[in-house]
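So the structure is just underneath, and the comments pick up after that.
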Amino acid sequence: MIIEIAAQGGFGGMAAARLRKTIDVDDQPEQMRQELCDAFGPDELARLARQPCGACADRMTYRITVTEDCESHSFTLHEQQIPPEMLDLIDQM
Amino acid sequence: MCFLLNSSHHHSIHCIVPPYMLRVLALRGDPRTAEMARTLLKQTEKLRDERAELTRAGLPPDQPLGGAYATSAVTPAKDLCCPDRRIHDGQFRAALPGKLVRSEGQDPTGIADADTAYDAAGQVFSLFAEEYGRNSLDGEGMPLIATVHHRRDYNNAFWNGTQMAYGTGDGKIFRTFLELSVIGHEMAHGVIQHSGGLIYENQSGALNESIADVFGSLALQRALGQEVHQADWLVGRGILGPGINGVALRSMKAPGTAYADDLLGQDPQPWHMDHFVTTTDDNGGVHINSGIPNHAFYLFCAYLGGRSWELPGRVWYRALQTLNNPMASFSDWADQTMDSAIELAGRGSIETVMLRRAWKLVGIAI
Ligand SMILES: [Zn+2]
């Protein structure tokens, strides 16, 4: 499973300062692999994308694409829709 | 300084330090002085309330402002006193608010970011309280909750509806977010939210951003005691990484000139409606088109001279309290600032002439 994350927005509003990360889950140590699979499963991402987004001043937006078995799913999530543990995972990538 | 006299009938406080000074002491004094000032303020306010109840007896309450989104914060809060700051250390994780490291009145922690967040929150509270009569972000004394060290290498600062959060920056693009104009900006988002709000997309979103920049800049200018021509009118001065070619994140005096860098590109802010940017990114360019109302505010201040947080700040603050339109366009906002200027400076005053000129120069006719 490949996870691609592109972040934009935030206080700076700088298009050029976009963060991009790509991670091949199969290359990760066992524990990390399990955590990533749980957090970034397409069903879980779809559930998060349906959460209300609330106050959004200066928040970032994440475009997350998960590719597995030649199939890709993309989701746009606001920072405040993503649970803190998942944001910590993104920061560790 | 103050004498608490005990008589057989009642306690009465004879204090030569006026409430205004007490507020300053509560904000800036060392912990013991601040605690003393807070205690005295509570006592004088209780006394004032008792007096007010006597003298106001039978009179109707102050006329509230009309409109579902208008707030009552135009009239100074009567129990306005001191901030209730609560600074947390996020310990580089995303969970909020994190570990409480400094509460109101406590000594510095030695954690530089936490102490800056504490001091700056006090300065922003003081701007809204002492200049505009507003008691904290909600007008009702809500605690000022902030988290520093939010996430790892996090290039952002935000207001989440109930608190502020500041990253450390990744050291490349940003080196910090703990700078007074940035902190004032985030706290102003709280004020805007509790003043009827401005929907965070397109023109109303760019107004939300611009008003946050205005009060962030005013907090800094006031703290430095700068008049309009002494101020740099930069938002986020010095927060960009050491290798970035730029002085700040935004310039209200010259939008579009804050940075020009190989990595970041050119500061995209316009200063005139002719260059309004239509985009779906950044909630419809809220951090881009805010350059236009930002520049109008700067021009208004520059034409008048003097201290920008005084009349110009009061005009903008009053307009925010009376706007009653979360979907306001730039033009709606310009009209509202004119109504406020008329109320505060008089119809036909030089101030209203200069305000009209400022809006005209950025391409907005009122
Ligand atoms: Zn903002």
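Which one, B:241, B:224, B:182, projects farthest toward the positive side of the charge dipole computed for segment B:150-255 from Cβ point charges (K/R +1, D/E -1)?
Result: B:241, furthest along the dipole toward the positive end.
Using only the Cα atoms of chain A, construct the convex hull and provide its projected area averaged over every direction, in square nanometres to one decimal.
Convex hull of Cα atoms, orientation-averaged projection: 6.1 nm².
Give me the distance in nm between label points sitting 7 Å out from Cα along the Cα-to-Cβ direction at residue A:38 and residue B:96, one decimal.
Once both label points are built, they end up 2.4 nm from each other.
Starting from the residue with the highest accessible area, list A:37, B:81 in decreasing order, probe 1.4 Å. Please report the intermediate quantities before stating the final value.
Values: A:37 55, B:81 20 Å².
Listed by decreasing accessible area, they come as A:37, B:81.
Per-residue HN-Hα couplings for segment B:162-177, Karplus 6.51 cos²θ - 1.76 cosθ + 1.60 at θ = phi - 60°, whole Hz, x for Gly and Pro?
9, 8, 9, 9, 10, x, 8, x, 8, x, 9, 7, 10, 9, 6, 10
Could you work out the relative contact order of segment B:239-361? I mean the mean sequence separation of Cα pairs under 8 Å and 6+ apart, divided by the number of residues, in percent.
Taking the mean separation of contacting Cα pairs over the length of segment B:239-361, I get 17 percent.
In Å, the Kirkwood hydrodynamic radius of segment B:239-361 over pairs of distinct alpha carbons?
Averaging 1/r across every pair of different Cα atoms and inverting gives 15.6 Å.
At the nearest 100 Å², what buried accessible area, both sides summed, do you get for B and A when the probe is 1.4 Å? Walk me through the numbers on the way to the answer.
Working: alone 16950 and 5830 Å², together 20540 Å².
Separately minus together, B and A give about 2200 Å² buried.
List the residues whose amide H sits under 5 Å from the amide H of residue B:84, counting only those 5 or more places along or on another chain, with H placed 1.01 Å from N in the peptide plane.
Those qualifying (amide H under 5 Å, at least 5 residues apart or on another chain) are B:144.
Using a 7 Å offset from the Cα along the Cα-to-Cβ direction at both residue B:162 and residue A:76, what is the distance between the two label points in nm, to one decimal?
For residue B:162 paired with residue A:76, the spin-label model returns 2.8 nm.
Applying the Karplus parametrisation 6.51 cos²θ - 1.76 cosθ + 1.60 with θ = phi - 60° to the phi angles of segment B:87-98, what ³J(HN,Hα) value in whole Hz is obtained for each residue in order, glycine and proline being reported as x?
9, 10, 9, x, 6, 6, 10, 8, 5, 10, x, x
Please give every one of the aspartates and glutamates within straight-line cross-link reach of residue B:360, meaning a C-alpha to C-alpha distance under 15 Å, and leave out same-chain neighbours fewer than 8 residues apart.
Counting by Cα, and skipping residues close in sequence, residue B:360 has these aspartates and glutamates nearby: B:274, B:332, B:335, B:351.
Treating cross-link reach as a plain straight distance, find the aspartates and glutamates whose alpha-carbon is under 12 Å from the alpha-carbon of residue A:21, omitting any fewer than eight places away in the same chain.
A:4, A:91
The values are calculated or read from the model by the stated rules, or taken from the named source; none is laboratory data. This one's a predicted model, so the numbers in the text were calculated from it and none came from an experiment. Ideal geometry is used to build each Cβ from the backbone, glycine not excepted, and the neighbour counts take in all protein chains shown. In case anyone asks, the SASA skips ligands and DNA or RNA and just uses the protein heavy atoms, side chains included. Shrake-Rupley method; radii C 1.70, N 1.55, O 1.52, S 1.80 Å.
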